[in-house]
Each structure stands twice: as C-alpha cells, then as structure tokens.
1. Checking a compactness column here: for the range 12-85, what do you get for Rg(Cα) / (2.2 N^0.38 Å), N being the number of residues?
2. How big is the dipole moment of the range 62-107 about its Cα centre under a simple scheme where the beta carbon of each Lys and Arg is +1, that of each Asp and Glu is -1, and everything else is neutral? Debye, nearest 20, please.
3. What does the net charge come to around Arg13 if you take all other residues with beta carbon closer than 13 Å to its beta carbon, with K and R at +1 and D and E at -1?
4. Jot down the radius of gyration and Dmax of the range 46-117, Cα atoms only, both in angstrom.
Amino acid sequence: MSVDLDELRRLRRARDRMDREYAHPLDVPALARTALMSEGHFSRRFRDVYSETPYSYLMTRRIERAKALLRRGDLSVTDVCFAVGCTSLGSFSARFTELVGETPSAYRARDHDRFQVVAPCQMMIVTRPRKRGGPRPVDEISFGEASPAARA
C-alpha cells in the first residue's frame with residue numbers, strides 16, 4: 001500500500017473531524033468532502049490506512065464517549081445514546097455490546113470506582129473498546145489491587 005503525504009493529510013483531516021464531531025451526524029459523503037475525495041476512494045483509502053472502515057472508526061469513538069458518560073451514572077442509556085450521536089437505541093446497544101462485551105445498562109450498573117486512580121487523559125486508552133476477538137480491554141484486567149471487599 002502506497003500513500004502519498006497529501007492523501008494521508010487529507011485522510012487525517014477526516015479522521016480528526018470524526019474525533020471532534022462524533023456527536024454530530026456524519027456520513028461518508030460528508031467525510032469524503034472533508035478529505036477532498038470521492039466517496040468510494042475515501043472509504044477504500046481510509047480502510048487501507050487505518051485498517052477499519054470510516055463507520056467503524058466513528059462508532060468506536062462514540063462508544064468510547066458513551067462509556068465515559070455511563071461511568072458517571074447520571075444519564076440514562078437512551079440519553080447517552082443520543083448524546084454521542086447515535087439515532088437508534090437498538091443499533092447503539094448492539095454495537096456497544098459487541099465492542100465492550102456487555103450491554104450499556106450492565107456497564108452503567110457496574111462499579112467504576114477503580115478508575116478514580118486513572119488520570120483523565122489516560123481513560124481513553126484504559127477503556128478503549130475492542131473488536132471481537134481482540135485483546136481484552138484494560139478495564140477487564142486487574143490493576144493488581146485488592147478489591148474493596150477483600151480489603152475490608
């Protein structure tokens with residue numbers, strides 16, 4: 001795969017837009033315009049360069065943000081779904097479950113106190129959703145500390 005620097009810069013512009021505007025309606029035509037490419041070329045080149053489709057990348061960003069909102073515990077799953085730019089609760093829940101390994105409701109109900117020791121700038125890495133069959137996310141791995149129940 002050969003990518004010239006100008007094309008890579010334009011693809012990064014579209015990826016950066018997804019990172020910033022994940023909660024807004026974004027589709028391939030809009031992202032392709034951002035990258036100054038045709039829709040088909042943009043989709044192919046994005047997948048070649050980033051090893052996932054633009055849709056998959058955008059949904060991963062949305063799920064990352066949804067996890068942060070669900071950890072706060074003050075919003076319903078439906079509110080979180082719409083806050084991150086999803087328009088279908090069913091699709092959001094299915095994608096969340098696929099990437100995280102549990103439903104949004106189960107994730108929200110889980111105890112997230114152990115993340116209080118993690119710097120906010122590291123939370124995206126620590127809680128990154130994984131693709132099916134990928135390595136376990138860090139939030140499923142023990143930090144090597146005794147659980148609150150074991151310390152009592």
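Read-outs: derived from the displayed coordinates by stated rules, not from any lab. Quick caveat, the model's predicted, so the values are computed rather than measured. Every residue, glycine among them, receives a Cβ derived from its backbone with ideal geometry; neighbour counts consider all protein chains shown.
1. Values: Rg = 13.5 Å, N = 74, 2.2 N^0.38 = 11.3 Å.
Dividing the Cα radius of gyration by 2.2 N^0.38 Å gives 1.19.
2. Values: 6 positive and 5 negative charges, 25 e Å.
It works out to roughly 120 debye.
3. Working: positive: Arg9, Arg10, Arg12, Arg15, Arg17, Arg20, Arg33, Arg45; negative: Asp6, Glu7, Asp16, Asp19, Glu21.
Local net charge: +3.
4. Radius of gyration, then largest Cα-Cα span, for the range 46-117: 12.8, 39 Å.
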